[in-house]
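The values are calculated or read from the model by the stated rules, or taken from the named source; none is laboratory data. Bear in mind the structure is a predicted one, so any value in this text is a computation, not a measurement. Heads up, the Cβs are rebuilt from the backbone with ideal geometry, glycines too, and the neighbour counts pull from every protein chain shown.
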Amino acid sequence: MQDLDVTPTETPLDTLTTNGVEPGVSVPHAGAMIVFEGVTKVYEPDVTALQSVSFLIEKGEFVFIVGASGSGKSTLIRLLLKELEPTDGKIIVGGRDLTRLKRGKVPMLRRNIGCVFQDFKLLSDRTAFENVAYALRVQGEGRNAIRRKVPEVLALVGLADKMSSYPDQLSGGEQQRVSIARAVVNHPPLLVCDEPTGNLDPDTSVGIMQLLYRINRSGTTILMVTHDREMVDKMRRRVIALELGRLARDERRGGYESE
Amino acid sequence: MRLKVLSAEAWRSLAANASTTLAATMTVLIGMFLLGLSIGLGTWVLSWSNHVKKELVVHVYFCTELKCGKDATKVQEERVGNYLGNLPEVRTLNFVSKAEALRIMQRKNPELTNGLTSNPLPDSWEVIPKRGEDVERIAASVPTGPASGVEKVNYGKKTAKRILRVARVIEIMFLLAVVVLLAASALLIANTIRLSIFSRRREIEVMKLVGATNWFVRGPFMLEGLICGLAGSLLAVVLLVLGKEIALPAILGHIDDSSDAHALGFIWNALILLGFGLLLGAMGSGVTIRRFLRV
């Protein structure tokens, strides 16, 4: 496997300040993909998962979210997908205020956010092709569009020859590629990855990261929760670190740990 | 297009989850078979008890020389007849003259009438109420004594009471049986569906995460439930037909069919079963899935 291209491209976005938005102040975030304004999430009865977290992620950024278990990373992802409601604060995704988004509109939100998970979340009784096609079918895409788009995106992730394999006939890396294909087949502006390499060996992880990097370069914003220290240190991208529910660090070209 | 996707999704999961599909269908089958059986038996027993209740009659006997010293007059008899005829509870009213009464007696018990020199039987009104339960009220409302010319009113007090009590018990038992069976089969089916949905909650989670609307997820499940419900209740109807055509004549071969006690028409029974099967299947899955849609 070839070496991972780790030179970050200079973008004008890097010159913008991304170090937190003052809570309560409504700023017109024209170019922002995700805005967290003083977001607090308390699980009943009194477990505080996130404590007034604020940050802003521009369109096209590649952001790592790091932190120990229980630091609130998963809560952050679930808030983004509106699986949970924040106890306090404001979340804006792609210009839409999630706290004001009606429940009926949640499917529309999710169609605009690709999701990749540590455990792939593939449907085991469907082939790679069918798993990817499902994301299109959900939106009412026609048979012809599905026949055109699915092979295209599976070829993009390097699985052109495994379209009719079932998940249990594929390796972990291949399954993750299927799930990435499913996440990006709709060309969502935002891709959220929850430890996508958590179950994979280092070599396979590099391949997945290269794929995500390529997707990011095509303009998709990527938010990636990870424990992969080596990867974060190598890529030198923006790192948001959470500690016990608080924003501990937000560095533009950070490492896994503060230096 | 939408419909094609829906039925394709439903079909694929029916085939992929053959064992739960079978379990759900069998549950519906058992529930609907028992329900059909109890509807059939129950309506037959109800109709039989109605039939028995119809046999309850009030007899109003008029005075004869033998009993009160003088015969009741025609006027008195007609007055009582008018009174009875105007009661809302009365269905039919027959006048039985003493001559007729003797003829009936002769036919029923010839040996009793053989040595008679004169006709000792009274004129009477035979009153058939609309509802068996009314015999007592009707009987009590007819005035007796020399003024009205009525010697006595008879409605087979003890028999009537017993019949009414038995009929009442039968009605309650039938209702209870149907309610219990309905509840039991609903719970059983809901439980089976819950198991089948629970085993697929991961699938539902994935569907929701890629942006499926609730109805997109629910649709195929409900269609599946519908198909299971339909298949189960159809099988139940087939079993009941077999039972009716083969088992019933063997058991009840020597009971004559002339009485006017009849079970609810079989077609109706079958339609009720199909309706309930469909409803239980579709509603069962539709309601059960709600819990799993909150992702």
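Please return the ranges of strands (runs of 3 or more DSSP E) entirely within segment A:160-243 where 3 or more residues are in contact (Cβ under 8 Å) with a residue 24 or more places away in the chain and under 26 Å from A:MET108 (Cβ atoms).
Numbers: elements: A:190-194, A:221-225, A:238-243.
Ranges flagged: A:190-194, A:221-225.
Report, by residue number, each residue of segment B:198-232 that is among the charged types (D, E, K, R), within 12 Å of chain A (Cβ to nearest Cβ) and over 16 Å from B:ASN17 (Cα atoms).
B:GLU205, B:LYS208
Looking only at segment B:120-136, how many residues end up being in a loop (DSSP other than H, G, I, E, B) and under 22 Å from B:SER148 (Cα atoms)? Step through it out loud before you land on a result.
Of the residues in segment B:120-136, the ones in a loop (DSSP other than H, G, I, E, B) are B:120-123, B:130-131.
After this cut, where a residue has to be under 22 Å from B:SER148 (Cα atoms) as well, the list is B:120-123.
Going through segment B:120-136 one residue at a time, the tally reaches 4.
Looking at (1) over 18 Å from the mean Cα position of the chain (by Cα); (2) exposed (fewer than 15 other Cβ atoms within 10 Å of the Cβ), which one does A:ARG246 not meet, given that it meets all the others?
Here A:ARG246 meets the rest and fails (2).
Let's see how each residue does on (1) closer than 25 Å to A:ARG217 by Cβ; (2) within 14 Å of chain B (Cβ to nearest Cβ); (3) not in a helix (DSSP H, G or I):
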position: A:LEU50; (1), (2), (3): no, no, yes
position: A:ILE65; (1), (2), (3): yes, no, yes
position: A:LEU84; (1), (2), (3): no, yes, yes
position: A:ILE92; (1), (2), (3): yes, no, yes
position: A:THR99; (1), (2), (3): no, no, no
position: A:ARG110; (1), (2), (3): yes, yes, no
position: A:VAL116; (1), (2), (3): yes, yes, yes
position: A:PHE120; (1), (2), (3): yes, yes, yes
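For segment B:182-198, check the following and say yes or no: at least one residue is of a type in the set (Lys, Arg), free of Cβ contacts under 8 Å to residues at least 40 places away in the same chain and assigned to a helix (DSSP H, G or I).
Our first condition is that a residue be of a type in the set (Lys, Arg); within segment B:182-198, this holds for B:194.
If we keep only those that are free of Cβ contacts under 8 Å to residues at least 40 places away in the same chain too, we end up with none.
So far as segment B:182-198 goes, no, none of its residues is of a type in the set (Lys, Arg), free of Cβ contacts under 8 Å to residues at least 40 places away in the same chain and assigned to a helix (DSSP H, G or I).
Output the helices (runs of 4 or more DSSP H) that fall wholly within segment B:1-86 and possess 3 or more residues being in contact with a Phe, Trp or Tyr (Cβ under 9 Å, 6 or more places away or on another chain) and within 14 Å of another protein chain (Cβ to nearest Cβ), or say none.
Numbers: elements: B:2-16, B:18-54, B:65-68, B:74-86.
Ranges flagged: B:2-16.
Please pick out the residue among B:THR159, B:THR117, B:THR113, B:THR144 that is within 30 Å of B:THR43 (Cα to Cα) and either in contact (Cβ under 8 Å) with a residue 12 or more places away in the chain or of a type outside the set (Asp, Glu) (or both). Spell out how you get there, then give the answer.
Working: B:THR117 fails: within 30 Å of B:THR43 (Cα to Cα); B:THR113 fails: within 30 Å of B:THR43 (Cα to Cα); B:THR144 fails: within 30 Å of B:THR43 (Cα to Cα).
Checking each option against the conditions leaves just B:THR159.
Looking at segment B:127-141 only, could you name the residues that are touching a residue at least 24 places away in the same chain (Cβ under 8 Å) and surrounded by fewer than 18 Cβ atoms within 10 Å (Cβ to Cβ)?
Scanning segment B:127-141 gives B:ILE128, B:LYS130, B:ARG131, B:GLU133, B:GLU136, B:ARG137, B:SER141.
Restricting to segment A:138-159, count the residues that are under 22 Å from the mean Cα position of the chain (by Cα) and either facing chain B (nearest Cβ under 9 Å) or assigned to a helix (DSSP H, G or I) (or both). Reasoning before the result, please.
Step one: filter segment A:138-159 for residues under 22 Å from the mean Cα position of the chain (by Cα), giving A:138-139, A:149-150, A:152-159.
Then drop every residue that is not either facing chain B (nearest Cβ under 9 Å) or assigned to a helix (DSSP H, G or I) (or both), which leaves A:138-139, A:149-150, A:152-156.
Qualifying residue count, segment A:138-159: 9.
Evaluate the following for B:LEU29: is it surrounded by 15 or more Cβ atoms within 10 Å (Cβ to Cβ), in contact with a Leu (Cβ under 6 Å, 6 or more places away or on another chain) and not assigned by TED's automatic domain parsing to the domain that holds B:ALA140?
Numbers: surrounded by 15 or more Cβ atoms within 10 Å (Cβ to Cβ): yes; in contact with a Leu (Cβ under 6 Å, 6 or more places away or on another chain): yes; not assigned by TED's automatic domain parsing to the domain that holds B:ALA140: yes.
In short, yes.
Those residues that are surrounded by 17 or more Cβ atoms within 10 Å (Cβ to Cβ) and at pLDDT below 90, I need them from segment A:96-106; list them, please. It would help to see each step written out before you state the result.
Keep residues of segment A:96-106 that are surrounded by 17 or more Cβ atoms within 10 Å (Cβ to Cβ), which gives A:98, A:106.
Across segment A:96-106, the qualifying residue is only A:VAL106.
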